[in-house]
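*Asks:* The structure that follows is given in the form of structure tokens.
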């Protein structure tokens, strides 16, 4: 089986490396609209070969690993691929992508979201074990043909992923809480420190907690503004729910309700019983 | 030199282990108002011996490693210690502690804050390398005698810490951004997920980013409501500044100002150039 990857950053590049370590795929080719990324991907061995768009179309399985807006755009140009070709997208949002899938692709399209990543991006951020041990959400449609679903399940399990089936609506709602809104918090935390008079003196004191909470604020602004755009309604809802919680905390501190604050903190710790 | 530690949780217990690994201290004794903690600390070898309050007073150096309210209370009972005894507190706030230091203790008191910790607490959370490589803030007063400052600097450097001198006001303001407010965010994030209809289904999807951001929401509610109480003004200010940033983000998403959102995210990424 041959695999083609469009978008050779952290997600696509790591997929290239992971696929090369499976026995399912004999050749991995790739393509990126950034020429430097193509050269880097080849040099780093993320793919065996850089090919053009028409050659990507001839692969047995094609992965879309670009920012989510580009995934929708690229799908339109793939509408004429062979019925035997499996198309898998790896984007962080699912509802808009599913809604905008060309009719002719619905039988061979697998909307998937590997819930894994790091704050780094670009080909140099890719590594072979990114997917190993992580969770992938597959939003299978009613129209999808069994051969393509089977193939996707095989590939994801062979690169070490735990598979969850979920509908796109549910996926976008859940990920707004588990991933998208937390990115907004991390960016806001970083900005609130950077806007202080002397951020350097503050950051000298940074321990593990701050480093962990601000880590995802390193993530690609292009990718994430795109995610917020495609999952706007859920992101807004999750931010508002977070704002309600934080405002509760602020009022308890303002009004010096320390016992109540301690109870509120205790409730938060229950999360770790199920995490 | 003998060391006495009051409070044998993560901070005090780890100090006990770290001190035992230095050549400066020949015996470490301890005390905790929780009898189970005393037994556990002894069993885990965090201290050589559990002693009573009067015996702690006879040590060459005494560490206060309780929640911050208790640090202030205990200091009042230590007002009669020998002039040669060094007293070091390890609390997360400094202004209130310094303000409430008994007059007689000002010559031998070193207000210190090791900017390190984990979300775990109690004696079983203690480990020997907690302090190694971390930063400790020392808020030295004008009244402190050189012998005590020298001793504190020696001890902290021997357990592998990088020392920063800072006044209590500056410390409390900086830590509200780097540590206290981020804890409020983490607790609020955990609560906003836990108040959703089906938190389990959401948490199944948790990747590294969410785990990192919610990690400190495991921290001791007793300790942290106490910190918020003692650093109330700065915590409120930092929360308000964060709220302003997050609201900017929400409005950009609401009004679909995607380019502006991308710029706001880009500004946040600059934090990592100096972190």
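The values are calculated or read from the model by the stated rules, or taken from the named source; none is laboratory data. Keep in mind the model is a prediction, meaning the values are calculated, not measured. Cβ atoms come from the backbone with ideal geometry, glycine included; neighbour counts cover every protein chain shown.
*Asks:* Which numbered condition trips up residue B:100, out of (1) out of contact with any strand residue (DSSP E or B) (no Cβ under 9 Å at 6 or more places or on another chain); (2) more than 14 Å from residue B:139 (Cβ to Cβ); (3) without any contact (Cβ under 8 Å) to a residue 40 or more places away in the chain?
*Replies:* Result: residue B:100 fails condition (2) only.
*Asks:* Given the structure, is residue B:113 modelled with pLDDT of 95 or more, crowded, with 23+ Cβ neighbours inside 10 Å, part of a helix (DSSP H, G or I) and touching a helix residue (DSSP H, G or I) at 6+ places or on another chain (Cβ under 8 Å)? Show your work before the answer.
*Replies:* Details: modelled with pLDDT of 95 or more: yes; crowded, with 23+ Cβ neighbours inside 10 Å: yes; part of a helix (DSSP H, G or I): no; touching a helix residue (DSSP H, G or I) at 6+ places or on another chain (Cβ under 8 Å): yes.
In short, no.
*Asks:* Test residue A:129 against the criterion of being surrounded by fewer than 22 Cβ atoms within 10 Å (Cβ to Cβ), assigned to a loop (DSSP other than H, G, I, E, B), in contact with a helix residue (DSSP H, G or I) (Cβ under 7 Å, 6 or more places away or on another chain) and touching a residue at least 24 places away in the same chain (Cβ under 8 Å), and give yes or no.
*Replies:* In short, no.
*Asks:* Let me ask something additional. Out of (1) in contact with a helix residue (DSSP H, G or I) (Cβ under 6 Å, 6 or more places away or on another chain); (2) not in a loop (DSSP other than H, G, I, E, B), what's the single condition that is false for residue A:243?
*Replies:* (1)
*Asks:* Just one of (1) touching a helix residue (DSSP H, G or I) at 6+ places or on another chain (Cβ under 6 Å); (2) surrounded by fewer than 22 Cβ atoms within 10 Å (Cβ to Cβ) trips up residue B:93, so point out which.
*Replies:* In the conditions (1) touching a helix residue (DSSP H, G or I) at 6+ places or on another chain (Cβ under 6 Å); (2) surrounded by fewer than 22 Cβ atoms within 10 Å (Cβ to Cβ), residue B:93 misses (2) alone.
*Asks:* Could you pull out the residue among B:169, B:162 that is touching a strand residue (DSSP E or B) at 6+ places or on another chain (Cβ under 6 Å) and either modelled with pLDDT under 95 or more than 23 Å from residue B:7 (Cβ to Cβ) (or both)?
*Replies:* Details: B:169 fails: touching a strand residue (DSSP E or B) at 6+ places or on another chain (Cβ under 6 Å).
Answer to the selection: B:162.
Listed here are the residues, each with its yes/no results for (1) within 22 Å of residue A:267 (Cβ to Cβ); (2) modelled with pLDDT of 95 or more; (3) crowded, with 20+ Cβ neighbours inside 10 Å; (4) at the interface with another protein chain (Cβ under 7 Å from one of its Cβ atoms).
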{"residue": "B:225", "(1), (2), (3), (4)": "yes, yes, yes, yes"}
{"residue": "B:228", "(1), (2), (3), (4)": "yes, yes, yes, yes"}
{"residue": "B:233", "(1), (2), (3), (4)": "no, yes, no, no"}
{"residue": "B:236", "(1), (2), (3), (4)": "yes, yes, no, yes"}
{"residue": "B:252", "(1), (2), (3), (4)": "no, yes, yes, no"}
{"residue": "B:261", "(1), (2), (3), (4)": "no, yes, yes, yes"}
{"residue": "B:274", "(1), (2), (3), (4)": "no, no, no, yes"}
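*Asks:* Further question: Somewhere in segment B:84-95, is a residue at pLDDT 95 or above, over 23 Å from residue B:178 (Cα atoms), in contact with a strand residue (DSSP E or B) (Cβ under 7 Å, 6 or more places away or on another chain) and in a strand (DSSP E or B)?
*Replies:* Within segment B:84-95, one or more residues are at pLDDT 95 or above, over 23 Å from residue B:178 (Cα atoms), in contact with a strand residue (DSSP E or B) (Cβ under 7 Å, 6 or more places away or on another chain) and in a strand (DSSP E or B).
*Asks:* Then there is this: When you scan segment B:206-219, do you find a residue that is surrounded by fewer than 24 Cβ atoms within 10 Å (Cβ to Cβ) and in contact with a strand residue (DSSP E or B) (Cβ under 9 Å, 6 or more places away or on another chain), even just one?
*Replies:* The answer is yes, given that some residue of segment B:206-219 is surrounded by fewer than 24 Cβ atoms within 10 Å (Cβ to Cβ) and in contact with a strand residue (DSSP E or B) (Cβ under 9 Å, 6 or more places away or on another chain).
*Asks:* Of the residues A:163, A:155, which single one is farther than 28 Å from residue A:246 by Cβ, more than 7 Å from every other protein chain (Cβ to nearest Cβ), within 22 Å of the chain's Cα centre (by Cα) and surrounded by fewer than 24 Cβ atoms within 10 Å (Cβ to Cβ)? Let's see the steps before the verdict.
*Replies:* Details: A:155 fails: surrounded by fewer than 24 Cβ atoms within 10 Å (Cβ to Cβ).
Selected residue: A:163, the only one of A:163, A:155 that is farther than 28 Å from residue A:246 by Cβ, more than 7 Å from every other protein chain (Cβ to nearest Cβ), within 22 Å of the chain's Cα centre (by Cα) and surrounded by fewer than 24 Cβ atoms within 10 Å (Cβ to Cβ).
Conditions (1) in contact (Cβ under 8 Å) with a residue 24 or more places away in the chain; (2) over 24 Å from residue A:171 (Cβ atoms); (3) not assigned by TED's automatic domain parsing to the domain that holds residue A:156, marked per residue:
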position	(1), (2), (3)
A:11	yes, no, no
A:19	yes, no, no
A:25	yes, yes, no
A:39	no, yes, no
A:55	yes, yes, no
A:66	yes, no, no
A:74	yes, no, no
A:83	yes, yes, no
A:90	yes, no, no
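*Asks:* I've got another one for you. So which residues in segment B:153-169 are farther than 15 Å from residue B:97 by Cβ and not in a loop (DSSP other than H, G, I, E, B)? Full working, then the answer.
*Replies:* Restricting attention to segment B:153-169, the residues satisfying the condition of being farther than 15 Å from residue B:97 by Cβ are B:153-165.
Within segment B:153-169, B:153, B:154, B:155, B:156, B:157, B:158, B:162, B:163, B:164, B:165 meet the criteria.
*Asks:* Provide a single number: the residues in segment A:116-146 that are closer than 21 Å to residue B:265 by Cα and in contact with a strand residue (DSSP E or B) (Cβ under 6 Å, 6 or more places away or on another chain).
*Replies:* 0
*Asks:* Still on this structure, I have one more. Considering only segment B:141-152, I want to know if a residue exists there that is within 13 Å of another protein chain (Cβ to nearest Cβ) and surrounded by fewer than 24 Cβ atoms within 10 Å (Cβ to Cβ).
*Replies:* Here is the first cut: in segment B:141-152, the ones within 13 Å of another protein chain (Cβ to nearest Cβ) are none.
So far as segment B:141-152 goes, no, none of its residues is within 13 Å of another protein chain (Cβ to nearest Cβ) and surrounded by fewer than 24 Cβ atoms within 10 Å (Cβ to Cβ).
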